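The structure under discussion appears below in the form of structure tokens.
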Amino acid sequence: MIKNIAICDSGIGGLFLLAKLVKLFPNFKYIYISDKENLPYGNKTKNQIIGYAKNIIEKAKKFNSDILIVACNTLSEIGERTFLKQANIPVFFVRHNIRKILASNMKKGRFFCTVATSKTKQIQTLSKLEKGFVVPLKNLAFEVENNALNLEKYCPNFLKKTHPKIQKVYLGCTHYALILNKFKKSFPNAKIYDASEEIISFLKVLLPFNSSKEAKCEKIFIGSGNVYALNAFRKIYCLK
């Protein structure tokens, strides 16, 4: 029986997913593992990211997690094999459905992701099939984290322009969802896809749905580095 659900991310990005899960499935204990000290993952080497995956696995085991959700896209793409081999519990990854992307009109789409994610085999395949489709963003996750207390005023330069011809936008990093309103303004005619949608659809089948106000939900937050941003977003999402 599933009782304890661990969610990991390089920082605050996974809180966007955690808020959705708590609302849909409030009868569980959630362990949110934040690794802000090593943020951003997107600019790290493969070996470094694998090392972070191993540390997260140990933390998940310490809290007797029944399943582990990897809410970091970079960690999902690069650390998958490590998680599946060493976690010894079911592991689920937040990532986009590549088959659905391939079946779409990629000429009128954009896939935004970290540099590390852009170098993985699957994403490189997308790059080769349609030039300009994959857009690596070197520091956006880091900037979102650093501006977490003032995101209403923060807007990266590339989102200050309007792109009316783009019809689909894929957010390849959970941090990007925290400035979703900025993407919507820059791409006014596009449907924006958040990678967490895929994992939520799956969990609706796996976990019992219960939105009762009487449902009890316990949340544990553990993290490395500066946790001010983590605490700020806990309040925003009512994740006390």
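Every read-out reported here was derived from the displayed coordinates using simple, explicitly stated rules and does not represent laboratory data. Just so we're clear, the structure is a prediction, and the values are computed from it rather than from any experiment.
Observations on the structure shown:
- Under Karplus coefficients 6.51, -1.76 and 1.60, residue-wise ³J(HN,Hα) of region 84-90 in Hz, glycine/proline x: 5, 7, 10, 6, 6, 9, x
- Under conditions of 10 °C and 1.306 mPa s, the chain yields 87 µm² s⁻¹ as its translational diffusion coefficient, taking Rh as the Kirkwood radius over Cα pairs in the Stokes-Einstein equation.
- Amide H within-cut-off set for residue 135, under 5 Å, with H built and near neighbours excluded: 111, 112, 113
- Listed cross-link partners 184/204; 131/182; 29/128; 61/191; 23/100 are compared with a 32 Å cut-off, the Cα-Cα value being larger for 29/128; 61/191.
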